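Here is the structure we will look at.
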């Protein structure tokens, strides 16, 4: 899935190199969610998913980048975020996406929980090459 960024509006790119960056990414996504007029419940779901994925990018991917911005598709508007790292990748995606599986140090959501919080979720990973996760939350 390629995020259908709003034409003429470049997504913001934020480096994920330290824990303070996770806070900055949360703030950016919150502002975008408000601009897109997501409901308070949907804002909370998106920000929670963003926190988990940004933290995963930092802790498991060794840092990386996040692109976040407004998206539009077939008359719908939403917020997308693309988390990318050059870390070790995920050796067993099926296990990592299993409900209840945890690395033991996360927020307790895991990737499967994060997937349920958003409308669209795509994970691309290659062992030794890194991981990219794209999420979208559409306005209702």
State the label only: which of (1) 16.0; (2) 14.9; (3) 16.5 corresponds to Kirkwood radius over Cα pairs in Å computed from the shown model? (2)
Nearest-ten-degree value, helix 19-35 long axis tilted from longest Cα axis of the chain: 30 degrees
Relative to the longest principal axis of the chain, what angle (0 to 90°, nearest 10) does the C-alpha long axis of helix 40-59 take? 40 degrees
Just subtract the alpha-carbon distance of residue 92 and residue 44 from 0.36 nm times their residue separation and send over the number in nm, one decimal. 14.4 nm
Expressed in nm to one decimal, what extension gain is obtained for the pair residue 7 and residue 34 from 0.36 nm per residue of sequence separation less their Cα-Cα distance? 7.8 nm
Helix-only mean residue ellipticity at 222 nm, the chain, DSSP H runs n ≥ 4 weighted -39,500 (n - 2.57), per residue, nearest 500. What is it? -11000 deg cm²/dmol
With each pseudo-label sitting 7 Å past Cα toward Cβ, what's the residue 124-residue 99 distance in nm, one decimal? 2.9 nm
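Could you tell me the relative contact order of the chain? Use alpha-carbon pairs under 8 Å, at least six residues apart, and round to a whole percent.
On the way: 282 pairs, mean separation 39.0, N = 140.
It comes to 28 percent, rounded to a whole number.
Cut-off is 10 Å between beta-carbons; in what order do 137, 45 appear when sorted fewest neighbours first? Mind showing how you got there, number by number?
Details: 137 26, 45 19.
Fewest-to-most Cβ neighbours within 10 Å comes out as 45, 137.
Read the figures in this text as sums done on the coordinates, not as results from a lab. Predicted model only: the values in this text are computed from it and were never measured. For neighbour counting, all protein chains shown are included, and Cβ atoms are generated from backbone atoms with ideal geometry for every residue, glycine included.
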